[in-house]
Structures are given as structure tokens and as C-alpha cells.
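Peer 1: Can you keep this structure in mind? I'll have questions shortly.
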Amino acid sequence: MTALVLALLGPVVSAVPAICWCLRGCVVRFQWLIVATLAMGTGLGLASCTFFLWLMAFDRLRVSLLAFELPIFAVIAAIFTFALWRGRDPLLPPPTRTDERNTGGGQRMVIGAVAITLLFGASGFVLTLRASPHGDFDAFAIWNLRARFLHRAGPDRWRDGFTGEIPWTHPDYPLLVPGLVARSWYYTGDETTLAPRLIALLFTFGSAGLLGGAVGAMRSPIQGGLAAAVLFASPQFLNIGSAQYADVPLACSILSVIVLLVLEQRADRDRWRLIGLAALFASLAAWTKNEGILCMATWLMVQTVALMRRGGRRAVWKGLGVALMASAPVLVCLVYFKTQVAPSNDLVAGLSLRGIVEQVSDGGRYLLIMKKYAQELITTGRGVTIVLACYGLLMGWRASPGVGQSITMIAALVAGYFLAHLTSYWSDLSAHLNYSVDRLFVQLYPAGLFAFFLVVRTPDEVLVPSDGRKDNASTIAGLPKARDTG
Amino acid sequence: MKKWLALSLAIMALASSSAYLVQAVQLGPDYRSNDEISYYEGLRLTAACQTLRPWERVGFLEDQYLAGERLWKYYVSQYVLAPAVLINDDPTRPMVLVNFRDPNKRIQPPTGIHYELLKECGGGVWLYRVRVDR
């Protein structure tokens, strides 16, 4: 157990200075929660990459995993600690005056209900994890099976598992989750099911922490609590998390990218660091699941348009350079894996120009996909979409900087999923939709909640009318005044 | 009215998470087929596991009770026996693993194929070496 905790905690701790350096001065409330969750995503993602690099380099180096990884993480931690010290900035900026409006009993009741929801959701999640140590079907048929191949075959024969003879294991799927699990087993010395369970728990709780922390920092603490509570009230999200699927780690990366995109729009300095960090998370999304490649493409598109508007071509080139530099370690792994190790993806391999033209010109496919998406949107999370729509309409909206970009990115991701379904090689599109749509929605659920709670008016604003004091949102450095449209 | 909206949302979230917790408390040992995987891991395939070499390509055959159950046994067997690679419904590989629910049933090799018993693992599981007539 100690080895497992150290194996997972080490990279996370070493990523903390880098995250503090990137967020320096941008967030002055809930820093600890935002830094912790982003460091968790970065540290675990990079640990998966170093494990893959170790597998690749083992033939030549013949060193142990620890001897290979330790200097890498130590150097990362040292460089960014030095950068923080040299910039004479504290590891975390001191909290400034916040203006939570004390609204008495009503607010306390909301806080109480939120706290109990989080406690119940977390307890239910832990119990479900305990009851299914091997996860659900895709976990033992794909993700944990791949981890077993990587661990049991050892560094000499790890490539043999990526064979087209067992195509149902999807050997082209990226390795963030199986790599992390196999890496943990290398450190523990046995194939404890605690490793995949702990990884599932970290990403599920990390998503809720980042969502609550980011909304809390950008709007108000009570709004952040509500956002996290709504996420933890979703049985789909918790079930897919406890099933040890890669969809929740991907959801966590997508949320991180969108949070950083919004922070970058709001920041008045050090924007390049936020762009670099967002690029790293976008590449980690691509290293988690093939859908993450779409996340990387959509982020690049939205960020490029934002940079072009703000600073012209020069800013775009600089932004692309920073993004490429920050994501290079992950992209190297991804490109090597996709070109040298994995067989081609079944969705792509099954495509032909004639088939695509036929599928795209078939109106029935559009209707079927739209119907399934609408059905999923309505039924997901015990009808939470309808509840949230009513809640938003009654509470009112508030224009919020950066939210346009986040909504555009989510819409682009949905459009990408739509296109993938439209051109699906599955002979039975309905079966493909039934198999995949719920998980695709889970991937976007935390990001969708983030965008929603960013624009909907907060309970603080409703319970105590604005009296002209400093706006809550200004606890993000450089944030322009929000415009009330409620 | 707006005063109560946030509280209503929080209470709805609380109700949903309470229902989730109640369900989680009642989960049995068969949840997500955990009991079956544990049985395969701990008992059913142990002998086969010890005999197979890593990266051995092994044909996998099973008796066909229910269509859904059939593939399920294959997936669980592959999970347990990795890094050996099980090729489903292939009786011509140099080695074949037979996983029958009925321990009294015997495999009938296709014409021109001869099976030599390598290991009787018990409970309907056998490992055969395969020879194909040329």
C-alpha cells in the first residue's frame, strides 16, 4: 500500500511547483484545490509517459523504472521551484479579500446539503469500487487487460500484446490508464486491484475538486459547491468512474483544458504559461483515449481564434510554439505509439470515401443520432439537464469572460462526436450509439457543468442583491467586471 | 422564490446521491461479475495459467450455452491468462484451451485435426496440443 501511494503521490508532488508557476497570480481563491487537482492530472499523466518511455528505452538502458523516473521528476520539480524562487513569488499567492456575502440561514442550509451530497456520493463511489475490484466489462476486457500485458510481459516483450489477433481489446487505444496501472504494479511488485481502483478514485474526485474549485474561484464558493454536488449526484458519472473506464480520466483532462482556457481569457499576465498548461492537458487527453485527439484539435482551434483576435498572427505563432513545447513530451509518446506500436484504429480503418459519402447523404442517420443524443441529454443523471435548464432560467444568467470559448469548445467536441457516429463503420448505427453515447456524455459532463455554473447567477447574488461592492468574479486577477443579465 | 432555488437544487442533488449510496450499500458479490472473475482468477484457470507460456497463441473453445455468456467466458479467460493470447473459436492453433461448463462433455476435433491432452485442469477445463494433418 505504501509503495502504491508513493508511486502515485511522487509525480503529483513533483508537479506542484510547475502548476504554481503556471497559475502564478491568476487564481487567488481555492488555489490549493485547483493546484492539487491540476498537479494530480499533470503528475499522473506524465508518470504514464515516463513509464512508456522507459519501456521504449529499456532495450538500450537496462535501468530500473525508479532509476529512470526519479531524475526526471526531480529535475522538473527543481526547475520550477527555482523559477518560482527566482521570480520572488510565493509558491501560492496570498489570498486577497473575498466578498462572500453572508446571507445567513439559507446559505448555511445550501452548504450543508452540498456537503452531505458530496459525502454520500463519495461514500457510494468507494463502496461501488470495493464491490468491483476488476471494474466493469471494458476495464477487464480493455484497460486492465492491457495493463496486465504490459506488466506480465515485462519491458522485453511488452509490444507483443498489441496484436491484431485480439482486435476487441482495441490495441490502438492510448496508454495513460493502462500505463499508470502497470507502472503502479511495477512498484508494488504484485497486481493489486487497489492500483486501478485508486487511479479511478483520484480522477473521479479530482474532476469534482477541479470543478468545485474553479467555479468557486471564478464565481463564488457556494456556486462551486453546488457544481461539485451536481456532478457527484450523477449516478452515470460515478458508475463509469468506478467501472475503471478511461472516460472519467478523459473528462478530467477535458475539464482541465476548458478551465485553463477560461483562466487564460481572464488573465492579464503570464498568459503563455496557461496556454502551455492547457496544451499539456490537451495532449494528455489524447494520451488517454482516441476522443482526446478531438479535444486537442478543438482546443487548438478555439485558442488560435482567441489569440488571432487578441494579438494577430504573431500571437498565434507564439502561442503555437508554447503549446508545442509544453505538449512535446506527451506528443512524442503518442506519435511513437500510434505509428510504431499500435495497429490502425478500427473506426478509421473501416472508412472508405464511397462509404462516407453514402453515410453523410443518409438523412435517417442524422435523425437517429440526434434522437439518441437528445434522449441521452434528457435522461442523463436522473433528468439533471431539465432540472438545470429550469434552474438557469429562474436564476438568470450573467455574462462571464471566457465562457464563450468554453461553450464553443464543448459544442465543437459534440460536433466531432456527431461526425464520428455519422461515419461509423458499424453496420448497426443504433447499436454503436447505444454502446457509446452515455460514455461520450460523461466525458463532457464536468466541462458542461463548469460552463453552466459559470454563467448562471450565484445564490449569493440572488439572496443578497448586489450593492455595488467588488464583484466576486474579480478574485481572478485581471478579470473585467462581469455584466449582469439576470 | 429565487431564495429557495439553490436550496432546492442542493436537495435534489442530495436525494440523488442518497439513492446512489443506498444502491451501493446493497451491492452483492455478483456485482459486475466480480464473483465469476474471482473464481476464474483463483481456481478455475490456475492450472492452465501455470502451464501456458507468455505470448503463447492459444485457440479457445467453449460449449455454447447462451450466446451472451459464450463471449463473456472468453473475455474473462483472456483477462486471467494474459499475456498468453487466446484466439476465440480457433481449433487449429498449436495449443487449444477448452473451457466447458459441463465437465463431462468432451471436445470433438474437426476432421484432420488431432488433440493430445496436455493438462486436465478440472471442472471442464482442458489444455490440448494440436496436430494438423497435412
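We did not get these values from a lab; they are worked out from the coordinates using the rules stated. These figures come from a predicted structure and were not determined experimentally. Using ideal geometry, Cβ is built from the backbone for each residue, glycine included, and neighbour counts are taken over all protein chains shown.
Peer 1: Please name whichever of B:I37, B:L7, B:A19 sits farthest to the positive end of the charge dipole of the range B:1-45, dipole taken about the Cα centre and charges placed at Cβ: Lys and Arg +1, Asp and Glu -1.
Peer 2: Farthest towards the positive pole: B:L7.
Peer 1: Can you give the extra length, in nm with one decimal, that the chain gains between A:D160 and A:L61 once fully stretched, where that is 0.36 nm per residue apart less the Cα-Cα distance?
Peer 2: My answer for the length gained is 33.6 nm.
Peer 1: Measure nothing but the geometry: give the 0 to 90° angle between the long axis through the Cα atoms of B:67-81 and the longest principal axis through the Cα atoms of chain B, rounded to 10°.
Peer 2: 80
Peer 1: Also, I was wondering about something else. Taking amide H positions as placed 1.01 Å from N in the peptide plane, with prolines and chain starts having none, which residues 5 or more places from A:W397, or on another chain, fall under 5 Å of its amide H?
Peer 2: Close amide H contacts, sequence-distant or interchain: A:R457, A:T485, A:G486.
Peer 1: Now for a different question. Once you charge only the Cβ atoms, +1 for Lys and Arg and -1 for Asp and Glu, what is the size of the charge dipole of chain A about its Cα centre, to the nearest 20 debye?
Peer 2: Computed about the Cα centre, the dipole is about 1340 debye.
Peer 1: Once both axes come from the Cα atoms, what is the angle between helix B:2-25 and the longest principal axis of chain B, in degrees from 0 to 90, rounded to 10?
Peer 2: Roughly 30 degrees, rounded to the nearest 10.
Peer 1: Which of A:V248, A:A306, A:A279 sits farthest toward the positive end of the charge dipole of the range A:245-383, with +1 on the Cβ of Lys and Arg and -1 on the Cβ of Asp and Glu?
Peer 2: With unit charges placed on the Cβ atoms, the residue in question is A:A306.
Peer 1: Follow-up. Which of B:S33, B:S18, B:S77 moves the most in a Gaussian network model of chain B with Cα springs under 10 Å?
Peer 2: For chain B, modelled as a Gaussian network with Cα springs under 10 Å, the answer is B:S18.
Peer 1: Another question, then. Decide, for chain B, between rounded, prolate and oblate: order the square roots of the alpha carbon gyration tensor eigenvalues as a ≥ b ≥ c, take rounded if a/c falls under 1.5, and otherwise choose prolate if a/b is larger than b/c, else oblate.
Peer 2: Here chain B falls in the prolate category.
Peer 1: Would you compute, from DSSP H runs of 4+ residues alone, the mean residue ellipticity of chain B at 222 nm, taking -39500 (n - 2.57) per run and dividing by the full residue count, rounded to the nearest 500?
Peer 2: Details: 4 runs with 51 residues, N = 134.
Helix contribution divided over all residues of chain B: -12000 deg cm²/dmol.
Peer 1: Report the one residue of A:V75, A:G319, A:V442 whose Cα lies farthest in the direction of the positive end of the charge dipole of the protein assembly as shown (charges on C-beta: Lys and Arg +1, Asp and Glu -1; origin at the Cα centre).
Peer 2: A:G319
Peer 1: Apply the Karplus parameterisation 6.51 cos²θ - 1.76 cosθ + 1.60, with θ equal to phi minus 60°, to every residue of the range A:303-309 and state each ³J(HN,Hα) to the nearest whole Hz, in sequence, with x for glycine and proline.
Peer 2: 5, 5, 4, 4, 5, 4, 5
Peer 1: Here is a follow-up. Just how large is the dipole of chain B about the Cα centre, in debye to the nearest 20, putting +1 at every Lys and Arg Cβ and -1 at every Asp and Glu Cβ?
Peer 2: Here the size comes out at about 340 debye.
Peer 1: Rounded, prolate or oblate, given the Cα gyration tensor of the range A:230-293, with a/c below 1.5 counting as rounded?
Peer 2: Oblate, since a/c reaches 1.5 and b/c is not below a/b.
Peer 1: Can you give the alpha-carbon Rg of chain A over 2.2 N^0.38 Å, where N counts its residues? Mind showing how you got there, number by number?
Peer 2: On the way: Rg = 22.2 Å, N = 486, 2.2 N^0.38 = 23.1 Å.
This ratio for chain A stands at 0.96.
Peer 1: On to the next question. In the structure shown, do any of A:K289/A:K318; A:K289/A:K372; A:K318/A:K372; A:K289/B:K2 have a Cα-Cα gap over 30 Å, and if so which?
Peer 2: Check vs 30 Å cut-off fails for A:K318/A:K372; A:K289/B:K2.
Peer 1: I would also like to ask the following. Short version: ³J(HN,Hα) in whole Hz for each residue of the range A:215-225, in order, from phi by Karplus 6.51 cos²θ - 1.76 cosθ + 1.60 (θ = phi - 60°), x for Gly and Pro, what are they?
Peer 2: In residue order, the calculated couplings are 5, x, 6, 8, 10, 7, x, 5, 5, x, x Hz.
Peer 1: Check which residues have an amide H placed less than 5 Å from B:V125's amide H, if you skip close sequence neighbours.
Peer 2: Correct list: B:F100.
Peer 1: Pop out the Kirkwood hydrodynamic radius of the range A:205-256 from its pairwise C-alpha distances, inverse of mean 1/r, in Å to one decimal.
Peer 2: 11.1
Peer 1: Take the alpha carbon gyration tensor of the range A:266-395, find the square roots of its eigenvalues, order them as a ≥ b ≥ c, and report rounded if a/c is under 1.5; if not, report prolate when a/b exceeds b/c, else oblate.
Peer 2: Oblate is the answer for the range A:266-395, as a/c is 1.5 or above yet b/c matches or exceeds a/b.
Peer 1: Could you list which residues have their amide H under 5 Å from that of B:I87, counting only those 5 or more apart in sequence or on another chain, with H placed in the peptide plane?
Peer 2: Placed amide hydrogens put B:V58, B:G59, B:F60 under 5 Å from B:I87.
Peer 1: So what is the calculated 222 nm ellipticity per residue for chain A, using -39500 (n - 2.57) for each DSSP H run with n of 4 or more, over all residues, to the nearest 500 deg cm²/dmol?
Peer 2: After summing the helix terms and dividing by the residues of chain A, the value is -25000 deg cm²/dmol.
Peer 1: Still on this structure, please answer the following. Only four residue types carry charge here, +1 at the Cβ of Lys and Arg and -1 at the Cβ of Asp and Glu. Report the dipole size of the range A:149-268 about the Cα centre in Debye, rounded to the nearest 20.
Peer 2: So the dipole magnitude of the range A:149-268 works out to roughly 260 debye.
Peer 1: Each residue of the range A:41-58 in order: what ³J(HN,Hα) in whole Hz does its phi give by Karplus 6.51 cos²θ - 1.76 cosθ + 1.60, θ = phi - 60°, with x for Gly and Pro?
Peer 2: Result, ordered by residue: x, 5, x, 5, x, 5, 4, 5, 5, 5, 5, 5, 4, 4, 4, 5, 8, 4 Hz.
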